[in-house]
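Encoded as structure tokens, the structure appears first; notes follow it.
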Amino acid sequence: MNNGMFEPRPEHKFTFGLWTVGNPGRDPFGDAVRDTMPPVDLVKLLAEVGAYGVNFHDNDLVPIDAAASERDRIVKEFRVACDTSGLKVPMATVNLFYDPVFRDGAFTANDANVRAYALQKTIRAMDLGAEFGAQVFVLWGGREGVETDACRRPDEAIKRFREAVNYLCEYNIAQNYDYKFALEAKPNEPRADIYFPTTASYLAFIPSLDHAEMVGVNPEVAHEHMPGLNMLHSVAQAWEAGKLFHIDLNDQVPGRYDQDLRFGSATPKQAFWLVKFLEDVGYEGMRHFDAHAYRTEDYEGVKDFARGCMRTYLILKEKAERWNTNEEIRSILAEIETTNISNRFENAGDLLAIEFDRKQLSEKGLRYERLDQLTIDVLFGVD
Ligand code: GLT
Ligand code: MN
Ligand code: MN
């Protein structure tokens, strides 16, 4: 039904990480279920399903131990694949979590040489992303945390993290890269506790940086849902602060391990409010899917997964339009607005002089039940 309407187009700015469609299904309890697909083939797969762009960590593309000549060959091949398929590289990032060297963190590790290596690895990843025209650089500090707080004071970790981001901003300026950095929060996993557990933590930290204007956030649905937070509220706060530089779309049931499910597949109502917000405010950044296919799937299933992420986004976008134009919804919203006539009190005396009628103010039902049911009707297609 309405198939053409939900087909991805370049202007939708749908992107996927190499690590998402390339996820071979390994988990802590079981081995890979899909053969590893080379990056150039993943680009073809993404082009086939209609994505706009592909993002990568340094080591998704270039193995950590690659010699310079191998790096150049890989980069060349990847460029040809992107050019041929028309795929863009809007975002790049760095893997500071996989290698054992980062077992105690990267920018916050206690060993100064590990911290320096992490910085070196990051600026090389910035060079790599810049070669492909990436404009956003995501920093997810997966190992920036602890199993035991005995190892360092957390305020020291914050200072180290600040020093690292300041350094990267200087490099960005020196190289004329013009990147925007997007800090991605996650409360736990892979470590017991990760510093800066929520998007709001990063929003509070960013103003303390030397180049705060260069740094924003990359909220992820799953990472907000894991501790039971409301993704929409985190995104709205970032947007209102002018800091929504990127977004990771996927899904997650609160309280579980990091599921990275197909966008909208577990909590479609929350996904609806999120899409509606992004569309209503006119967010112009990438709609990046940071998720992966079920472990039951082969590469045809991976395509189903990727198509599903984009299709659900577009369905929800259409639902948002229906919600915005639904007559009964509009009339309830208009009714709500009648109570929102703001008073300005020139001085506190004016405010103190008013006798509020609390009983009258709390008498009338607010009709949010009806409003929510109308939302459900829209979502279920019976509006
Ligand atoms: C990793 C993580 C994601 C981050 C990626 C960027 S890598 O898969 O689970 O949430 O966005 O480093
Ligand atoms: Mn993510
Ligand atoms: Mn995740």
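The values are calculated or read from the model by the stated rules, or taken from the named source; none is laboratory data. All of these numbers come straight from a predicted model, not from anything done at the bench. As a convention, Cβ positions derive from the backbone with ideal geometry for all residues, glycine included, and neighbour counts pool all protein chains shown.
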Legend entry - Residues located in the stretch 248-265, provided they are within 12 Å of ligand 1 (Cβ to nearest atom) and in a loop (DSSP other than H, G, I, E, B): Asn250, Gln252, Tyr257, Asp258, Gln259, Asp260
Inset, instruction - For the stretch 82-104, indicate whether the set of residues that are without any contact (Cβ under 8 Å) to a residue 40 or more places away in the chain and of a type in the set (Lys, Arg) is non-empty. - result: no
Inset, instruction - Determine which member of the set Glu318, Glu279, Glu297 is surrounded by fewer than 18 Cβ atoms within 10 Å (Cβ to Cβ), in contact with a helix residue (DSSP H, G or I) (Cβ under 8 Å, 6 or more places away or on another chain) and under 15 Å from Glu7 (Cβ atoms). - result: Glu318
Inset, instruction - Count, please, the residues in the stretch 3-31 that happen to be within 16 Å of ligand 2 (Cβ to nearest atom), assigned to a loop (DSSP other than H, G, I, E, B) and in contact with a Leu (Cβ under 8 Å, 6 or more places away or on another chain). - result: 1
Legend entry - Test: Ser234 is out of contact with any strand residue (DSSP E or B) (no Cβ under 7 Å at 6 or more places or on another chain), of a type in the set (S, T, N, Q) and within 16 Å of ligand 1 (Cβ to nearest atom): yes
Inset, instruction - List every residue pair whose Cβ atoms sit under 6 Å apart, with the two residues 6 or more apart in sequence or on different chains, where the first one lies in the stretch 208-235 and is free of Cβ contacts under 8 Å to residues at least 24 places away in the same chain and the second, anywhere, is in a helix (DSSP H, G or I). - result: Ala212/Ile206
Inset, instruction - Enumerate the pairs (first residue in the stretch 359-377 and surrounded by 10 or more Cβ atoms within 10 Å (Cβ to Cβ) and in a helix (DSSP H, G or I); second residue anywhere and modelled with pLDDT of 95 or more and of a type outside the set (Asp, Glu)) with beta-carbon separation below 7 Å, excluding pairs fewer than 6 apart on the same chain, so at least 6 apart or on different chains. - result: Arg370/Ile332; Leu371/Ile329; Leu371/Ile332; Leu374/Asn326; Leu374/Ile329; Thr375/Trp323
Legend entry - Asp304, sole failed condition from (1) buried (at least 18 other Cβ atoms within 10 Å of the Cβ); (2) acidic (Asp, Glu); (3) more than 23 Å from Glu11 (Cβ to Cβ): (1)
Inset, instruction - For the stretch 32-50, indicate whether the set of residues that are surrounded by 13 or more Cβ atoms within 10 Å (Cβ to Cβ), outside any helix (DSSP H, G or I) and among the hydroxyl-bearing types (Ser, Thr, Tyr) is non-empty. - result: no
Inset, instruction - Would you please list the contacts, defined by Cβ atoms under 8 Å and residues six or more apart or on different chains, that run from a residue in the stretch 171-184 that is under 16 Å from Ile206 (Cα atoms) to a residue that is polar (S, T, N, Q) and in a strand (DSSP E or B)? - result: none
Legend entry - Hits in the stretch 199-215 - residues which are buried (at least 24 other Cβ atoms within 10 Å of the Cβ) and of a type outside the set (Ser, Thr, Tyr): Val215
Inset, instruction - Within the stretch 297-306, work out how many residues are in contact (Cβ under 8 Å) with a residue 12 or more places away in the chain and not hydrophobic (A, V, I, L, M, F, W, C). - result: 4
Inset, instruction - Identify all residues within the stretch 326-358 that are within 25 Å of Lys276 (Cβ to Cβ), assigned to a loop (DSSP other than H, G, I, E, B) and either modelled with pLDDT of 95 or more or touching a Pro at 6+ places or on another chain (Cβ under 8 Å) (or both); write none if there are none. - result: Asn326
Legend entry - Condition broken by Val21, with the remaining ones in (1) closer than 14 Å to Val75 by Cβ; (2) crowded, with 17+ Cβ neighbours inside 10 Å; (3) not acidic (Asp, Glu) satisfied: (1)
Legend entry - Criterion violated by Asp210 - all others in (1) more than 30 Å from Tyr171 (Cα to Cα); (2) touching a helix residue (DSSP H, G or I) at 6+ places or on another chain (Cβ under 6 Å); (3) more than 16 Å from ligand 1 (Cβ to nearest atom) satisfied: (1)
Inset, instruction - Under 8 Å between Cβ atoms, at least 6 apart or on separate chains: pull out the pairs that start in the stretch 140-151 with a residue that is on the phi < 0 side of the Ramachandran plot and end on any residue that is part of a loop (DSSP other than H, G, I, E, B) and modelled with pLDDT under 95. - result: none
